[in-house]
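I have placed the structure first, in the form of structure tokens, so that the comments after it can refer back to it.
What follows is calculated from the coordinates using simple rules that are stated; it is not laboratory data. What you see is a predicted model, and the numbers here were worked out from it, not measured in a lab. Cβ: placed from backbone, ideal geometry, glycine included. Neighbour counts: every protein chain shown.
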Amino acid sequence: METLRVELGSRSYPILIGQGLLGERALFDQHLRARDLLVVSNTVVAPLYLQALEATLQPRRVVVTILPDGESHKTLANVERILDVLVANRFGRDCAVAALGGGVVGDMAGFAAATYQRGVAFAQLPTTLLAQVDSSVGGKTGVNHPGGKNLIGAFHQPVIVVADTATLATLPPRELRAGLAEVIKYGLICDAGFFLWLESHIDALLAGDAAALAHVIRRSCEIKAEIVGRDEREHGDRALLNLGHTFGHAVESATGYKEWLHGEAIGAGLAMAACMSRESGHLTSQELDRVTRLVARTGLPTHVTNVKPDVALEHMRIDKKVQAGRIRLVLLRAIGSAFVTADYAEPALRHTLATHLG
């Protein structure tokens with residue numbers, strides 16, 4: 001087991017990475033001491049791992065709620081279902097909520113924990129690569145709205161993140177590829193050496209090589225923990241973690257959260273962010289080719305054919321990074337060097353959308 005920490009003063013917490021951790025009772029006894037625990041999972045993950053987790057959590061009082069799977073179900077209505085279970089079982093402020101699943105489960109369970117009795121303890125038990133490398137760390141919780149991605153939510157840090165890498169053995173190839181989009185993002189924003197490593201090891205990652213996957217989980221969590229530790233609520237550097245997301249979220253919103261996995265939309269978003277960086281005179285043609293090639297080798301889309309550029313632009317206008325009516329974008333000066341800017345030419349943005357959407 002490897003242990004990292006997100007340093008946030010009194011709210012600091014560990015990220016534990018290793019095989020078989022969901023079966024480690026001592027680990028949960030040390031870090032999750034609530035007597036009453038609500039486990040939130042979904043219809044795909046629960047049949048695989050819930051029974052073993054319940055055995056690990058004994059002799060606590062464990063209540064379970066199982067939600068439908070998929071981004072289209074990340075709604076206030078399903079958060080209300082979680083809250084109803086907490087109220088019906090008379091859980092107090094000393095309870096805890098544990099999210100067993102991917103990013104959708106984690107976002108909803110975390111939002112419920114943030115709002116129930118003004119905040120109760122929360123544990124992230126991510127079972128997808130995307131959740132293990134990204135969404136389980138950092139305390140962003142919330143739900144989608146028909147008008148935009150993640151528009152309703154709260155910051156609520158977990159007390160622990162348990163990334164059991166054994167769960168990746170049951171991950172469908174499409175979900176594995178989707179998770180790698182966020183991994184590529186980390187290399188692009190601040191670690192050119194990591195991006196180079198990914199170019200050399202992408203085949204091993206796609207084949208599910210355990211050592212390669214463990215390396216990208218650890219490095220991704222290191223980068224995110226460092227950034228969150230210095231900018232918890234996205235007033236500065238944390239916005240860099242949104243590379244590709246303004247574009248990708250627009251794709252998800254425009255298709256009703258049903259056509260694309262989050263990571264697939266982010267793959268296309270990374271290609272668009274790289275193109276926009278080149279259009280703005282920052283990224284070289286060679287670097288643009290490297291980004292596009294790695295996204296494509298991962299099996300992620302670099303073009304989206306079922307979203308019109310004007311529709312995507314309208315969704316981008318309500319992105320959370322918009323200030324004074326101006327869309328702020330995360331762009332690349334080079335591979336490994338990202339920055340946030342509203343200083344770009346509107347024709348460059350429209351050209352980027354036109355060449356990647358249609």
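For this structure, a couple of remarks:
- Highest mean packing first, where packing is the average number of other Cβ atoms within 10 Å per residue, the peptides 161-168, 59-66, 149-156, 270-277 line up as 270-277, 161-168, 149-156, 59-66.
- Amide H contacts under 5 Å for residue 8: 13, restricted to partners 5 or more places along the chain or on a different chain, H placed in the peptide plane at 1.01 Å from N.
- Sorted by Cβ density within 10 Å, fewest first, the residues 115, 127: 115, 127
- Kirkwood analysis of the range 262-337, using all unique Cα-Cα pairs, places the hydrodynamic radius at 13.2 Å.
- Under 12 Å from a label point set 7 Å out along the Cα-to-Cβ vector of residue 7, the amide N atoms of the range 229-251 belong to 229-231.
- Kirkwood hydrodynamic radius (C-alpha pairs) into Stokes-Einstein, the chain, 37 °C and 0.692 mPa s, D in µm²/s: 161 µm²/s
- Compared with the rule-of-thumb size 2.2 N^0.38 Å for a compact globular protein, the range 210-287 has a Cα radius of gyration ratio of 1.28.
- Shape box of the range 173-356 [Cα atoms, principal axes, largest first, Å]: 45, 36, 31
- Using 0.36 nm per residue and subtracting the Cα-Cα separation, the extra length available between residue 54 and residue 231 on full extension is 60.2 nm.
- Across the chain, the mean sequence separation of Cα contacts (distance under 8 Å, 6 or more residues apart), normalised by length, yields a relative contact order of 16 percent.
- Cα-based radius of gyration for the range 180-235, normalised by 2.2 N^0.38 Å, reads 1.18.
- Helical content of the chain, expressed as a calculated mean residue ellipticity at 222 nm, amounts to -14000 deg cm²/dmol (DSSP H runs of 4 or more residues, -39,500 (n - 2.57) each, divided by residue number, nearest 500).
- When the convex hull of its Cα atoms is viewed from all sides, the range 73-154 shows a mean projected area of 5.0 nm².
- Each residue of the range 222-235 was assigned a 3J(HN,Hα) from its phi angle through the Karplus curve 6.51 cos²θ - 1.76 cosθ + 1.60 (θ = phi - 60°); the sequence is 4, 5, 5, 4, 5, 5, 5, x, 9, 8, 5, 10, 6, 8 Hz, with glycine and proline shown as x.
- Of all DSSP-defined beta bridges confined to the chain, some 40% are antiparallel rather than parallel.
- Remark: 197, 260 ranked as 197, 260, counting other beta-carbon atoms within 10 Å and listing the fewest first.
- Exposure proxy order (Cβ contacts within 10 Å, fewest to most) of 185, 320, 308, 258: 258, 308, 320, 185
- Applying Stokes-Einstein at 20 °C and 1.002 mPa s to the Kirkwood radius of the range 2-170, computed over alpha-carbon pairs, gives a translational diffusion coefficient of 138 µm² s⁻¹.
- Based on Cα contacts under 8 Å between residues 6+ apart, the range 317-358 shows a relative contact order of 23 percent.
- Evaluated at q = 0.16, 0.18, 0.21 Å⁻¹, a Debye calculation over the C-alpha positions of the range 77-117 (equal weights, vacuum) places log10 I(q)/I(0) at -0.35, -0.44, -0.60.
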